[in-house]
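Chemist: Shown below is the structure under consideration.
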Amino acid sequence: VQLQASGGGLVQAGGSLRLSCAVSGSVFSIRVMGWYRQAPGKQRELVATVITNGGSTNYADSVKGRFTMSRDIAKNTLYLQMKSLKPEDTAVYYCNAATYDTSNWGQGTEVTVSS
């Protein structure tokens with residue numbers, strides 16, 4: 001499974017961005033997909049995940065009500081719509097696709113929120 005994230009950039013606080021993650025390879029084997037982020041000097045943390053066979057989406061408390069994750073199955077693309085962005089959302093955002101025996105990461109896309 002290969003992932004290619006895009007859509008990051010510089011935005012003012014209160015603004016919006018939409019991240020995309022194009023997925024290729026053995027997409028049929030993916031069981032869980034999600035977005036994670038890593039701020040400077042901090043550990044990588046979960047933003048949102050979804051079980052691909054119809055499970056509900058799980059969000060970190062810090063992004064609930066502001067971020068929405070969605071999938072376009074026909075395009076094999078995962079999205080993260082981010083609204084009401086805060087400076088503390090500044091991080092490198094990574095998409096992840098987990099199969100039964102592998103955890104696959106994209107290269108990351110950087111989001112910077114200015115105050």
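The values are calculated or read from the model by the stated rules, or taken from the named source; none is laboratory data. Fair warning: this is a prediction, and the values are worked out from it, not measured in the lab. Methodologically, a virtual Cβ is constructed for each residue, glycine included, from the backbone with ideal geometry; neighbour enumeration extends over all protein chains shown. When the accessible area is computed, the model is the full protein with side chains, heavy atoms only, and any ligands, DNA or RNA have been set aside. Shrake-Rupley method; radii C 1.70, N 1.55, O 1.52, S 1.80 Å.
Chemist: Could you order Leu85, Leu17 by accessible surface area, starting with the largest, using a probe radius of 1.4 Å?
Modeler: Leu17, Leu85
Chemist: Another question, then. Rounded, prolate or oblate: which fits region 4-70, taking a ≥ b ≥ c as square roots of the Cα gyration tensor eigenvalues, rounded meaning a/c under 1.5, else prolate when a/b beats b/c?
Modeler: Here region 4-70 falls in the prolate category.
Chemist: Another question about this same structure. Relative to the present Cα-Cα distance, how much length would full extension add between Gln38 and Arg71 at 0.36 nm per residue of separation?
Modeler: Stretched fully, the Gln38-Arg71 segment lengthens by 9.7 nm.
Chemist: Right, here's the next one. Suppose R0 equals 25 Å; then what is the FRET efficiency for Thr112 and Lys64 from their Cβ-Cβ distance, rounded to the nearest 0.05?
Modeler: Rounded to the nearest 0.05, the efficiency is 0.70.
Chemist: Can you pull the Rg over Rh of the chain, Cα-only, Kirkwood? Display every interim value, and only then the final one.
Modeler: On the way: Rg = 13.4 Å, Rh = 14.1 Å.
Rounded to two decimals, Rg/Rh equals 0.95.
Chemist: Only Cα pairs under 8 Å and at least 6 apart count here; give the relative contact order of the chain as a rounded whole percent.
Modeler: That works out to 38 percent.
Chemist: I've got another one for you. Please list, ordered by chain and number, the residues whose modelled amide H lies under 5 Å from the amide H of Thr99; skip anything fewer than 5 residues away on the same chain.
Modeler: When sequence neighbours closer than 5 places are left aside, the close amide H contacts are Arg31, Asn104.
Chemist: List the lysines whose Cα lies under 17 Å from the Cα of Lys75, skipping any in the same chain that are fewer than 8 positions away.
Modeler: Straight-distance partners of Lys75: none at all.
Chemist: While we're on this one: Using heavy-atom solvent-accessible surface (probe 1.4 Å) with all chains present, what is the largest-first order of Glu45, Glu88?
Modeler: Glu88, Glu45
Chemist: Taking +1 at the Cβ of each Lys and Arg and -1 at the Cβ of each Asp and Glu, which of Gln38, Asn53, Gln81 sits farthest along the dipole of the chain towards its positive end, judged by Cα position relative to the Cα centre?
Modeler: Gln81
Chemist: Separate question: Give me the net charge of Thr57's neighbourhood, meaning all other residues with Cβ under 13 Å from the Cβ of Thr57; Lys, Arg count +1, Asp, Glu -1. Write down the numbers at each step before the final one.
Modeler: Working: positive: Lys64, Arg71; negative: none.
Here the count lands on +2.
Chemist: Add +1 for every Lys or Arg and -1 for every Asp or Glu among the other residues with Cβ under 14 Å from the Cβ of Ala97, and state the total.
Modeler: Once positives and negatives cancel, what remains is +1.
Chemist: If the only charges are +1 at each Lys and Arg Cβ and -1 at each Asp and Glu Cβ, what is the size of the charge dipole of the chain around the Cα centre, to the nearest 20 debye?
Modeler: Its charge dipole is roughly 180 debye.
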